[in-house]
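In what follows, a single structure is set out as structure tokens and then discussed.
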Amino acid sequence: MALDRKLEKQLRKIVGKRNVLTLPEQLTVYGYDASLDRGQPDAVVLVDSTEQVAQIVRLATASGVPYVARGSGTSLSGGPVPARGGLVLEMSRMARVEEIDPRDRSAVVQAGIFNLKIGEALKPYGFTYAPDPASQKVSTIGGNVAENAGGPHCLKYGVTSHHVLGVEVVWPDGTVEWLGQDGEEAGYDLLGLLIGSEGTLGVVTRVKVKIVPLPEAVKTMLAVFDSLTDAADAVSEIIGEGILPATLEMMDRTTIQVVEDSMAVGYPRDAEAVLVIEVDGPAAGIQVEADAVAEICKRHRARELRVARDDAERDRLWAGRRGAYGAMTRIQPSTMVADGTVPRTKLPYVLKRVAEIADKYGLTVGNLLHAGDGNLHPNIVFDASNPEEKERALKASFEILEVCVEVGGTISGEHGIGLEKRNAMRLLFNERELELMRQLKHVFDPQDLCNPDKIFPVA
């Protein structure tokens, strides 16, 4: 529907005439993310301050208009898709580092800043922000907070929630509040509730993050296997032996080949699986840890183990891992990621079941895993313009999530629920539990205007 003219005029007064987008071709660009879901906002509002966000939220609430905050739109679950139209609050201009305090080991940043930009700003101080989604060049900290994002280094360092000390949030009534403080908080953990709520409770505008010193030394290895099961068993033993690498990533043969077609980073095309393993820490002990990892890989029949000799070789190994998702479009134009998490010991069984489900529906699946914490990413490739093929992909994705839950896992490790996986919530929760969650949202957002129709089942 068209935006109410009075509301449009009020929005332009808040942010300026040029910063309210209403042309159809402009709106289409903000109607989707990296999932299959699509929507169409009635207007896109380009904001650059918390006060502007607060004014717009108050106006939207008074007008009964739904709204959703959006950063780069890299979500893989439909999180920032405007499911009911309304307003998109475009946050990318709020991208400043406001404060770096090495003594406090913290930094304050605006919600629209890219992960990689935070790391670049911290590097001269000898610090870094540990969570590193594969899309770190374009993913924003506000979106990371919304989804409680993970990434390769989260095996050792933890996900977003472990590194957020506080946030500034605009609640649905337009009030602005800071959540979180130094030391322990009394009462309910409202900060913990907000992180991972997928933007359904309020709009985060600033974030205080924990920063950690850059490691003294890093060793990056590529372990090559002729069996996916052997690679998965090596992962389980590495963790079982009490070794905690910074990263422990796995790619299967389909993924290896498409990465080589796309980037030619040097992965062996005939391997059934590779592990990208990184250990970091004090220089004095890092070789001992790397040797222990190498020995375990050899015990599980790794046919080759490469150690990056310099930063250039390390970057090349990581370029293949980080570019793997995008490279899948060489096979088919569309990709769906069934982002489930399972106990590490169940990885061989679950990967076998993923292959069986792919065969059942006549689909190609390339597996990419944060294997160290059991977070698998079966990339189902297909042509979304073919309705029958799309339906097969949706069914396959749901069945993969069913398998994850059956073995004691869950339906999302880091990508969130959004629109794409909301009906799968019934695999984890009964109706009473889901209703309690809905009631909780209603407390914060009684009109259901703040990123509505996400997380909860609709059928």
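Points to keep in mind about this one:
- Residues in segment 17-33 that are loosely packed, with under 13 Cβ neighbours inside 10 Å and outside any helix (DSSP H, G or I): Leu23 alone.
- Residue count, segment 162-179 (criterion: farther than 14 Å from Ile113 by Cβ, in contact (Cβ under 8 Å) with a residue 40 or more places away in the chain and in a strand (DSSP E or B)): 4
- One residue from Ile113, Ile14 being surrounded by fewer than 21 Cβ atoms within 10 Å (Cβ to Cβ), in contact with a helix residue (DSSP H, G or I) (Cβ under 7 Å, 6 or more places away or on another chain) and of a type in the set (A, V, I, L, M): Ile14
- A count restricted to segment 220-264 and to residues that are farther than 17 Å from Leu155 by Cβ, buried (at least 24 other Cβ atoms within 10 Å of the Cβ) and polar (S, T, N, Q) stands at 1.
- Failed item in (1) over 15 Å from Val203 (Cα atoms); (2) within 26 Å of the chain's Cα centre (by Cα), with Gly79 passing the rest: (1)
- Reported count of residues in segment 183-228, each being among the β-branched types (Val, Ile, Thr) and part of a helix (DSSP H, G or I), is 0.
- Qualifying residues in segment 165-206 (those that are under 20 Å from Glu99 (Cα atoms) and out of contact with any Gly (no Cβ under 7 Å at 6 or more places or on another chain)) - the one surrounded by the most Cβ atoms within 10 Å (Cβ to Cβ): Thr205
- Identity of the residue in segment 44-75, modelled with pLDDT of 95 or more and polar (S, T, N, Q), that ends up nearest to Val176 (Cα to Cα): Thr50
- Condition met for Gly174 (within 30 Å of Gln447 (Cβ to Cβ), out of contact with any Lys or Arg (no Cβ under 7 Å at 6 or more places or on another chain) and not assigned by TED's automatic domain parsing to the domain that holds Ser49): no
- The residues in segment 209-261 that are closer than 23 Å to Ala292 by Cα, basic (Lys, Arg) and within 24 Å of the chain's Cα centre (by Cα) can be counted, and the count is 0.
- Residue selected from segment 317-358 under the condition within 22 Å of the chain's Cα centre (by Cα) and among the basic types (Lys, Arg), by the criterion nearest to Ala424 (Cα to Cα): Arg344
- Meets criteria (in contact (Cβ under 8 Å) with a residue 40 or more places away in the chain, in a loop (DSSP other than H, G, I, E, B), on the phi < 0 side of the Ramachandran plot and outside the structural domain of Leu368 (by TED's automatic domain parsing)) for Ala134: yes
- The lone exception for Lys390 - which of (1) in contact with a helix residue (DSSP H, G or I) (Cβ under 8 Å, 6 or more places away or on another chain); (2) modelled with pLDDT of 95 or more; (3) farther than 30 Å from Leu201 by Cα it fails: (1)
- Test: residue in segment 62-81 that is in a helix (DSSP H, G or I), touching a residue at least 40 places away in the same chain (Cβ under 8 Å) and over 24 Å from Asp453 (Cβ atoms): no
- Subset of segment 314-337 (residues that are part of a helix (DSSP H, G or I) and without any contact (Cβ under 8 Å) to a residue 60 or more places away in the chain): Asp315, Arg316, Ala319, Thr329
- Residue within segment 149-161 that is outside any loop (DSSP other than H, G, I, E, B), among the aromatic types (Phe, Trp, Tyr) and farther than 20 Å from Val276 by Cβ present: no
- Scanning segment 394-410 for any residue that is assigned to a loop (DSSP other than H, G, I, E, B) and surrounded by fewer than 18 Cβ atoms within 10 Å (Cβ to Cβ) turns up at least one such residue.
The values are calculated or read from the model by the stated rules, or taken from the named source; none is laboratory data. If you're wondering where the values come from, they're calculated on a predicted model, not measured in any experiment. Quick reminder, even Gly has a Cβ in these numbers, built from the backbone with ideal geometry, and neighbours come from all protein chains shown.
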